[in-house]
1. HN-Hα J couplings of the stretch 304-321 from phi, Karplus 6.51/-1.76/1.60, θ = phi - 60°, integer Hz, Gly and Pro as x?
2. Let me check I've understood the local charge: for Ser331, count other residues with C-beta under 9 angstrom from its C-beta, Lys and Arg +1, Asp and Glu -1. What total comes out?
3. Would you please give the residues with an amide H less than 5 Å from that of Val208, counting only those at least 5 places away or on a separate chain, with H modeled from the backbone geometry?
4. Spelling out what I want: for every residue of the stretch 336-344, take phi, set θ = phi - 60°, compute 6.51 cos²θ - 1.76 cosθ + 1.60 (Karplus), and round to whole Hz; glycine and proline get x.
5. Using per-residue counts of other Cβ atoms within 10 Å, averaged over each peptide, order 449-460, 356-367 from highest down.
6. Putting +1 on Lys and Arg Cβ atoms and -1 on Asp and Glu Cβ atoms, find which of Ser625, Ile71, Val134 reaches farthest to the positive end of the dipole of the chain.
7. Tell me which of Ser393, Ser267, Val186 sits at the most positive position along the dipole axis of the chain, charges placed on C-beta atoms (Lys, Arg +1; Asp, Glu -1).
8. So, by mean Cβ neighbours within 10 angstrom, what's the order for 120-126, 335-341 with the highest one leading?
Amino acid sequence: WGGIDVSLIENGVSWAAHIDPHLLLYVFLPILIFEAAFAMDLHTFKKTSTNSVLLAVPGILMALAMTAGLIIGLNYLGIGFEAWDWRLALLFGAVISATDPVAVVALLKELGASKKLGTLIEGESLLNDGTAIVLFSVFLSQIEGGENANGIVEFFKVSFGGISVGIVIGWVVLKWLKDVINDALVEIGVVIAAAYLTFYIAEGFFGVSGVLALVALGLIIGGVGRSSISPQVEHFMHEFWEMAGFVANTLIFIIVGVVIAYRSEFSLQDMKLLFIIYIGIHIVRAIMMLILYPFMRKAGYGLPIKDAIVVWYGALRGAIGLALALIVVGSDHIEPIVKEEFLFIVAGVVTLTLLVNATTIKFLIDKLGLTKLSPARQVMISNANEYLRKSLSNQMNRIGEDRYMKKANWAQVEGYFPDAYEMDAKELEKAQIENIAETRRRILEQEKSSYWHQFHDGLIGPSSVQKLSDGISKILDANGMIPLSDRDDLEVSWQAPKWLEKCASVPLIKIWAKNELLSRLTDSYDSAVGFIHAQEDCLKLLESIGRGGELAEEDRVKLEDEINENKIHGQSFIRTLRRNHKEIYKAISTRQAIRSLLNYERKTIERLQKKGQVDEKEAAKMIHSLESRMERLMSNPPEAEYAKEVDQDKKDKSKD
């Protein structure tokens, strides 16, 4: 047929249709789970984790019990599932309760809905995947005649054991990554290996939850350890895992689609049962959420009723449920007719949630008003839109002077300008009230962004950027309702402990104490300098906002005073450090100067390569030489003559 060997295609389809379902879990699950956890904002996850746990543990237990009751009820009424018993019904409940929010979370991000809502939905999915797989293993083992320990004890052992494995391996990986500088292949390779090893070690060696181990690993590397990844590699790392997750999800759906097409047989009666179950799981989830809602609306960020509706409706079913259904199909202890029904119902529910829920949730979110911008943010967008249109108009006039384009139809060209953004009077009035809070939020986001830019430019270290960034996340939770200067005592948090300074003169631990003190003060110096630079960036943003007329003059002055107060705190700490630890300050400044110079060298090499003054190989050699010196700086930084400083202080005191 056209020179194509059809038997090859047939053999390929046959192989996919009979693939070992455990292979799907062990190949694709580490990618899917780790990618979701790695991309999650750790601070937001911690604040929403109580609600995620409520949905993923008591919630899933209630859901699977009610789903099993629905199956047995249909059996009792003679509507279907005649060959099913309670064990099979509970097994089905565990499989169908595993949610997959990929499509919903992607849509929420696209629509600009609350990050807290997206994190809650994704956090529930990550945790309930672990719960569902643990319960699935328990129920399947009972059906296949295996021996089980106490269910509750086993559940907690498997859950907390998995989390512990993930934390330990995550800590080891972070230690390893800190010693690698700007080597994308090595860093990504280490993280890939860690994801698979974590899953295999948890499941194979310790018999604990590989899913929860991967969740812990992903949160540690993507959250706490984000700054351990080299600045030049971090963006590529996130892009790689996003693509890997997409490919894994796609392949699972393709393979399962082949299996269903190749092995499933269904009748009109099966279709009726599918629609009953589809409606039933939504009713079950609604009941479960109504029971938990009194607790959920007060926990963490809280859960407004509109958000709760999206959490209910956005519980799609996906890859995990399909993979578990294939394991059931491969069991020799379940009747063939039950296996066919099981696979068809699970695949059908997954398909319906994707076709119905995923495609209509945008309409639901719009109707609930969750994407509606606050009046203050509308003013910001309106001003930006106006500025953009003016810039385009000026550029069009400049283009009109070009002899090759001056005969263009400029009315038609102007038709491609963005539409003007207009606001009504009521919205403008509300904006005046909200404006200062919205401006604070924008300034805080700018401050956080400044820290990561400084880190990428080599101006502050990994520890400093993590502490400073985490501090901003906490302030952002107040939604701009507190002053920018209302923070913990920064100078106190940056100071080294007094006991460490005293230990620097104790003979047995003097060397350790000196190094530890230098490390602490280096981080503090980094933090203070980075903090000052970030405040300067915030002042520039505030000046830009003031020029745009978005802010009343008295509000602008108020915010400027708050930023300057922060700046004074940073400068005060630097002066104190320079006065109290002269030699340490000198060593830290020297390290900072070397780091800045090496960073400038990197940019210069990149600029020379772009201009064609050096070719790719020559640039690679220069970068290699640069990174060897960067490693030398990290492993053997300039040391402070701390002992001399202590001796001098003693002499000064004796003179006094």
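Just so it is clear, none of the values below were taken in a lab; they were calculated from the coordinates. Note that the coordinates shown come from a computational prediction; the quantities given were computed from them, not determined experimentally. For neighbour counting, all protein chains shown are included, and Cβ atoms are generated from backbone atoms with ideal geometry for every residue, glycine included.
1. Once θ is set to phi - 60°, the couplings for the stretch 304-321 become x, 4, 5, 5, 4, 5, 5, 4, 5, 6, x, 7, 6, 10, x, 4, 5, x Hz.
2. -1
3. Residues meeting the criterion, in which the H sits 1.01 Å from N, are Glu203.
4. x, 5, 5, 4, 5, 4, 4, 5, 5
5. 449-460, 356-367
6. Looking along the dipole axis, the top candidate is Ser625.
7. Ser393
8. 120-126, 335-341
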